Amino acid sequence: QVQLVESGGGLVQPGGSLRLSCAASGSIFSIGDIGWYRQAPGKQRDLVAAITSGSRTSYADSVNGRFTISRDNAKRTTYLQMNSLKPEDTAVYYCNLKIKRWYTNNYVDYWGQGTQVTVSA
């Protein structure tokens, strides 16, 4: 089995910062590409940042220059550093990891449980 545990969400004032973490555990052979998504009430889930297995990063225009995605392969953990937060960043944030388990051939999508980020004065 594979488990993803997210942490780091909360309430922050506009202009503040938060760092989200997503730790994977279980029968993991390899972790491929990683993405952080967010979903605001009544809206679809959107990709905000991604990092490849080779550590190439990409960002949605709305967060570019403010958010930083990273990964620590030894710890099987990914991070999303969020700076200069705005009220429109308010959403539930989800990590998505493509994971190959031992004795399997394919990478499969796994999702974290989601963590609420609220940006409000």
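No lab work stands behind these numbers, since they all come straight from the coordinates. Because the structure is a prediction, the values reported are computed rather than measured. Every residue, glycine among them, receives a Cβ derived from its backbone with ideal geometry; neighbour counts consider all protein chains shown.
Just a few scattered comments:
- Based on C-alpha pairs under 8 angstrom that are at least 6 apart in sequence, the chain has a relative contact order of 35 percent.
- Here the Karplus relation 6.51 cos²θ - 1.76 cosθ + 1.60, evaluated at θ = phi - 60°, turns the backbone of region 78-86 into coupling constants of 10, 10, 10, 8, 10, 10, 6, 5, 10 Hz, with x for every Gly and Pro.
- In loop segments of region 1-108 as defined by DSSP, the chymotrypsin sites (Phe, Trp or Tyr not before Pro) with at most 16 further C-beta atoms inside 10 Å of their C-beta are TRP102, TYR103.
- Equivalent-ellipsoid semi-axes of region 1-83, from the Cα gyration tensor, Å, largest first: 22, 15, 13
- Within a straight-line Cα-Cα reach of under 20 Å, LYS86 can be paired with the following lysines, leaving aside sequence neighbours fewer than 8 residues apart in one chain: LYS43.
- Within straight-line reach of LYS98, meaning a Cα separation under 18 Å, sit the following lysines at least 8 residues removed in sequence or on another chain: LYS75.
- The mean sequence distance of close C-alpha pairs (under 8 Å, at least 6 residues apart), as a share of the length of region 43-114, puts its relative contact order at 18 percent.
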